[in-house]
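Here is the structure we will look at, set down as C-alpha cells.
The values are calculated or read from the model by the stated rules, or taken from the named source; none is laboratory data. Please read all numbers here as calculations on a predicted model, not as lab measurements. All Cβ positions, even for glycine, are placed from backbone atoms using ideal geometry, and neighbour counts span all protein chains on display. When the accessible area is computed, the model is the full protein with side chains, heavy atoms only, and any ligands, DNA or RNA have been set aside. Shrake-Rupley method; radii C 1.70, N 1.55, O 1.52, S 1.80 Å.
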Amino acid sequence: MHRPLGRTGLTVSAIGYGAVKIGRNQAVKYPRPFDLPDEAEAARVLNAVLDCGITHIDTAPAYGLSEERIGRALAHRRPEFVLSTKVGEEFVEGVSRFDFSAASIRRSVHRSLARLRTDVLDLVLIHSHGDDRAILEETDAVATLLDLRWRGLVRGIGLSGKTLAGAERALDWADAIMVEYSLDDRTHAAVMEEAHRRGVAVLVKKGLGSGRLPAEAALEFVLANSHVTSVVVGGLNVEHLRSNVATAERIAA
C-alpha cells in the first residue's frame, strides 16, 4: 500500500517508521521507559523495517544516535526507502536546543547527509518547538530550506509542527506537513483535507497516541482517511511492526 508523497514524485508506504527509539530514550513521551538497543540490535530492527515492506524512515538530529545508526545500517539499501529528517532541534546532554537560523539549518543538513551516508535527503522538515508561526514568519528557516531544495541537496521540504495555524501557514510553501492526528485528536482534519487538495503530503505523527491507543484500531482510523499519506510509527518490536503493516494492507484491500 503506497501513496504519493505530495508533489515530490516519490511514493511511500502507508506505514512509516519513526526512528527515535533506536537513538534516544531520554525525555521522550512514551508511557513506559525503554532501553536503547545496541548497535547490532538497531541494525537488525532497521533492516527488518525494510524487509517487511516499510519504505519510509523518519528521523531527526534530535533523536540522538538515530541518524548515524541509519547511515551505518542501511546505506547499502538506500534506494529502497524514502528518508526524512529534520532541522531546528538538537538534543544535547539531555536538553533540547533550538536554532532556526540559516547557518544552523545549513550545518544541520550537511551533517545529516554525512551521518545518513547519502547524497540527498528526500524530505527535510522543520522541527518546531511549539511556536510555529514565529518560526515560519520571523526566522530564515523557510527561505533556507527553499534554497537547499533548489540546490538539490533536498528533494522535499515541510513542517513538523505543533499548531493548526502553523500547518495552515505551511501549505503556502511546503511539500509535506507532519501533524498529530488520532482517535483522540482530530484537530488537524480540515487542514489535512486542504493539504491533500493542494498536493501537499500529509504525514501523521502520534497516530497511536505515543503507544497509549490500541494499535489496530488506531491505525484503521488514521489510514481510513484518504488525505493521509503515511502514518509514522516507532518501536523496537519487529513483530509489532509486521502487524502494523498487515493492518495497513488489510485496509487497502
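Among the residues of region 144-171, those identified as over 20 Å from Leu10 (Cα atoms) and open to solvent by 40 Å² or more (accessible area, probe 1.4 Å) are Lys162, Thr163, Leu164, Glu168, Arg169.
When Val49 is tested against (1) under 29 Å from Asp132 (Cα atoms); (2) open to solvent by less than 10 Å² (accessible area, probe 1.4 Å); (3) touching a strand residue (DSSP E or B) at 6+ places or on another chain (Cβ under 6 Å), exactly one condition is not met: (1).
Find the residue count for region 124-160, including only residues that are assigned to a helix (DSSP H, G or I) and of a type in the set (S, T, N, Q). I'd like the intermediate steps shown before the answer.
Let us first name the residues in region 124-160 that are assigned to a helix (DSSP H, G or I), namely 132-138, 141-150.
Then drop every residue that is not of a type in the set (S, T, N, Q), which leaves 144.
The qualifying residues number 1.
Only one of the numbered conditions (1) free of Cβ contacts under 8 Å to residues at least 60 places away in the same chain; (2) in contact with a Ser or Thr (Cβ under 9 Å, 6 or more places away or on another chain); (3) surrounded by 18 or more Cβ atoms within 10 Å (Cβ to Cβ); (4) not in a loop (DSSP other than H, G, I, E, B) is not met by Arg78, and that is (3).
Can we say Thr139 is of a type in the set (S, T, N, Q) and either under 26 Å from Gly23 (Cβ atoms) or surrounded by 16 or more Cβ atoms within 10 Å (Cβ to Cβ) (or both)? Walk me through how you get there before you give the answer.
On the way: of a type in the set (S, T, N, Q): yes; either under 26 Å from Gly23 (Cβ atoms) or surrounded by 16 or more Cβ atoms within 10 Å (Cβ to Cβ) (or both): yes.
Answer is yes for this residue.
Within region 225-243, residues that are in contact (Cβ under 8 Å) with a residue 24 or more places away in the chain reach partners that are open to solvent by 10 Å² or more (accessible area, probe 1.4 Å) and of a type in the set (Val, Ile, Thr) with beta carbons closer than 7 Å, at six or more positions or on different chains, in the pairs Gly234/Val20. Listed by first and then second residue, the pairs linking a residue in region 172-200 that is farther than 18 Å from Thr8 by Cα to a residue that is of a type in the set (Asp, Glu), with Cβ atoms under 8 Å apart and 6 or more places separating them unless they lie on different chains, are Thr187/Glu180; His188/Glu180; Val191/Glu168.
The residues listed here are Thr85, Thr118; of these, the one that is part of a loop (DSSP other than H, G, I, E, B), without any contact (Cβ under 8 Å) to a residue 60 or more places away in the chain and within 20 Å of Ser13 (Cβ to Cβ) is Thr118.
Taking into account only those residues within region 83-128 that are farther than 15 Å from Thr144 by Cα and aromatic (Phe, Trp, Tyr), which is least open to solvent (accessible area, probe 1.4 Å)? Break it down into steps so the answer makes sense when it comes.
Residues of region 83-128 farther than 15 Å from Thr144 by Cα: 83-85, 89-98, 111-120, 122, 128.
Still in the running and aromatic (Phe, Trp, Tyr): 91, 98.
Numbers: Phe91: 34, Phe98: 82 Å².
Step by step, filter region 83-128, then rank; the result is Phe91.
Quick check: anything in region 218-229 assigned to a helix (DSSP H, G or I) and open to solvent by 10 Å² or more (accessible area, probe 1.4 Å)?
First, the residues of region 218-229 that are assigned to a helix (DSSP H, G or I): 218-223.
Among the residues that remain, those that are also open to solvent by 10 Å² or more (accessible area, probe 1.4 Å) are: 220-221.
Yes; the residues of region 218-229 include at least one that is assigned to a helix (DSSP H, G or I) and open to solvent by 10 Å² or more (accessible area, probe 1.4 Å).
The single condition among (1) under 18 Å from Val12 (Cβ atoms); (2) of a type in the set (A, V, I, L, M, F, W, C); (3) not in a helix (DSSP H, G or I) that Phe91 does not satisfy is (1).
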